[in-house]
Amino acid sequence: MKLILNLFSILLIGLGFSCTESNPFVGTSEITKWPEGKTGAISVTYDDGIINQLTIAKPIMDSLGLPATFYIITGKVEGSAKGKFIGRDPKDIIRETATSKTDSSNFFERASLIAFTGTTEAEDYHARAGSLFESGKIQEAYSLIDEGYEKIRTGKMVNTGAVVFHNNVEDTTSWEQYKSYAAQGHEIASHTVTHARLAVLDEVNMLYELEQSKADLLKFMGEESIFSAEGPYGTEDERVMEYAHQIYPSLRNRMPETWLEEINRGSKAQPGESEKEYVQWQRGILTRHSFEDMKSWIDTTLNHDNIWLVLVIHGVENLGWEPKTRNELKEYFTFMKSTEDQLWIETFRDVTKYVSARQNTSIESSFENDKIIITLNSDLDPLLYSVPLTIKTYIPEDWTQAKRSDQKPLVIQTDEKGRYVLLPLSLIDPKTYITN
């Protein structure tokens with residue numbers, strides 16, 4: 001009898017051990033790098049609000065269910081504030097240029113004014129001076145401004161009739177149209193009031209370009225259109241960035257985060273060589289780029305787990321800088337659509353919100369009374385960073401199903417750590433639980 005009891009005790013111990021032995025990952029949760037556990041992200045962005053982007057490229061993307069970000073020049077839209085020079089009497093400034101050369105003490109004021117002196121050639125002087133300044137050719141920029149004002153004083157500055165890619169007369173899109181595009185899932189965002197060279201504007205005129213554009217977007221479009229912006233010409237000027245980052249939560253120009261590698265349009269750096277959590281890899285789609293060139297960028301994104309491919313498009317069909325044709329865009333977007341099961345294709349705004357929220361949110365997860373409780377903790381504004389985060393939670397092996405707190409069923413999947421489910425959770429409502 002004693003032997004039987006001892007054997008029974010051993011059996012109970014064995015049973016108890018097998019019941020309590022469990023996968024150490026059960027009940028643990030993490031925020032996936034990309035929504036729904038995807039491999040990477042793509043944002044398609046357009047600059048300048050060129051009408052062909054909206055009447056040719058956008059319908060192609062709409063037919064495929066792909067969203068885009070349109071950085072528009074708000075001063076071109078009827079009803080919004082127009083470009084202007086803010087400062088001293090222009091006549092005084094022009095008169096002073098006859099007796100004093102341009103230098104660091106007066107360059108920003110003069111470069112700010114010259115674009116508003118009444119001719120397209122003067123606007124070109126502003127743009128070219130800005131290009132020289134940003135490329136480090138400071139004295140050349142000063143000399144060009146002196147040359148421009150000499151033409152103004154002598155009446156030789158003219159309207160050239162040259163094509164200005166970012167200021168086409170055909171661009172007549174209204175705020176009502178832009179609102180309808182936003183309602184379809186696209187992002188409408190700031191590209192300043194006039195497409196100025198921000199790096200050569202003085203403080204008051206730079207702030208006007210940034211703040212007035214934001215004010216009109218808020219007035220006509222709403223909060224979702226004032227999250228991200230793009231300073232014209234892809235400027236990365238430190239002075240501009242200091243001002244702009246105080247006005248917009250996100251800039252396509254720069255996102256200086258320790259966890260983000262930035263590769264701009266002109267860089268030949270390889271995104272796959274970065275060990276940072278995320279790589280924002282910007283590529284400008286130009287006329288010379290073949291389908292294979294552009295496809296290779298998506299292939300690279302697919303072959304890593306940390307790349308956010310940001311595509312920059314200007315001209316479409318026969319309008320705008322470096323235009324791509326309707327057929328080229330259709331072929332490319334169709335290929336992009338075929339990767340949607342692996343890549344998250346979303347607006348610049350929403351990808352920024354997701355990666356920023358993930359990096360600034362901690363997660364608590366506990367397994368209690370046959371229930372896995374999940375809580376997000378973050379200091380971010382939940383109304384601003386509203387894109388739901390994807391939570392990956394490991395569940396017990398013996399669960400026959402998994403349901404969210406709202407009783408919606410979850411798909412059970414398996415990886416090398418065990419069985420898990422994916423579910424969305426936002427900072428607005430940061431707590432949920434999963435049951436069998």
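The values are calculated or read from the model by the stated rules, or taken from the named source; none is laboratory data. The model shown is predicted, which means the values in this text are computed figures rather than measured ones. Cβ coordinates were reconstructed from backbone atoms using ideal geometry, including for glycine residues, and neighbour counts include every protein chain displayed. Just the protein is used for accessible areas: all its heavy atoms, side chains included, with ligands, DNA and RNA removed. Shrake-Rupley method; radii C 1.70, N 1.55, O 1.52, S 1.80 Å.
A few points about this structure:
- Among the residues making up region 325-349, those that are in contact with a Pro (Cβ under 8 Å, 6 or more places away or on another chain) and of a type outside the set (A, V, I, L, M) are Trp344, Glu346, Thr347.
- Lys392 meets each of the listed conditions (1) buried (at least 16 other Cβ atoms within 10 Å of the Cβ); (2) within 26 Å of Ser190 (Cα to Cα) apart from (2).
- When region 231-273 is filtered for residues that are under 14 Å from the mean Cα position of the chain (by Cα), open to solvent by less than 50 Å² (accessible area, probe 1.4 Å) and under 20 Å from Lys137 (Cβ atoms), the ones remaining, listed by number, are Gly231, Gly234.
- Residue match in region 317-324 (condition: open to solvent by 50 Å² or more (accessible area, probe 1.4 Å), free of Cβ contacts under 8 Å to residues at least 60 places away in the same chain and out of contact with any strand residue (DSSP E or B) (no Cβ under 9 Å at 6 or more places or on another chain)): no
- Pairs, first surrounded by fewer than 18 Cβ atoms within 10 Å (Cβ to Cβ) in region 26-39, second part of a helix (DSSP H, G or I) and β-branched (Val, Ile, Thr), C-beta under 9 Å, six or more apart: none
- Number of the condition not met by Gly222 [criteria: (1) on the phi > 0 side of the Ramachandran plot; (2) crowded, with 18+ Cβ neighbours inside 10 Å]: (2)
- Residues in region 141-170 that are outside any loop (DSSP other than H, G, I, E, B) and either out of contact with any Phe, Trp or Tyr (no Cβ under 9 Å at 6 or more places or on another chain) or surrounded by 15 or more Cβ atoms within 10 Å (Cβ to Cβ) (or both): Ala141, Tyr142, Ser143, Leu144, Ile145, Asp146, Gly148, Tyr149, Glu150, Lys151, Ile152, Arg153.
- The listed residues are Arg349, Arg288, Arg326, and the only one of them that is out of contact with any helix residue (DSSP H, G or I) (no Cβ under 9 Å at 6 or more places or on another chain), on the phi < 0 side of the Ramachandran plot and at pLDDT 95 or above turns out to be Arg288.
- Qualifying residue in region 110-126 (condition: open to solvent by 20 Å² or more (accessible area, probe 1.4 Å), farther than 30 Å from Leu54 by Cα, assigned to a loop (DSSP other than H, G, I, E, B) and modelled with pLDDT of 95 or more): yes
- Number of the exception - Ala81 against (1) open to solvent by less than 40 Å² (accessible area, probe 1.4 Å); (2) under 19 Å from Ile138 (Cα atoms): (2)
- Single residue of region 395-418 satisfying the filter (more than 18 Å from Asp370 (Cβ to Cβ) and not in a loop (DSSP other than H, G, I, E, B)) that is least open to solvent (accessible area, probe 1.4 Å): Asp415
- Any chance Leu427 is touching a Ser or Thr at 6+ places or on another chain (Cβ under 7 Å), in a loop (DSSP other than H, G, I, E, B) and open to solvent by less than 30 Å² (accessible area, probe 1.4 Å): yes
- Filter pass, Thr300 being among the β-branched types (Val, Ile, Thr), without any contact (Cβ under 8 Å) to a residue 60 or more places away in the chain and open to solvent by 50 Å² or more (accessible area, probe 1.4 Å): no
- In region 357-389, residue most open to solvent (accessible area, probe 1.4 Å) [restricted to those that are assigned to a strand (DSSP E or B) and among the charged types (D, E, K, R)]: Glu364
- Remark: pairs (first residue in region 152-170, touching a residue at least 24 places away in the same chain (Cβ under 8 Å); second residue in a loop (DSSP other than H, G, I, E, B) and open to solvent by 60 Å² or more (accessible area, probe 1.4 Å); Cβ separation under 7 Å; 6+ apart in sequence or on different chains) = Arg153/Ala98; Phe165/Trp321.
- Subset tally (residues that are without any contact (Cβ under 8 Å) to a residue 12 or more places away in the chain and among the acidic types (Asp, Glu)) for region 256-278: 2
- Looking only at residues of region 330-349 that are under 21 Å from the mean Cα position of the chain (by Cα) and part of a helix (DSSP H, G or I), we find that the one that is surrounded by the fewest Cβ atoms within 10 Å (Cβ to Cβ) is Lys337.
- Yes/no for Asp103 being in a helix (DSSP H, G or I) and among the charged types (D, E, K, R): no
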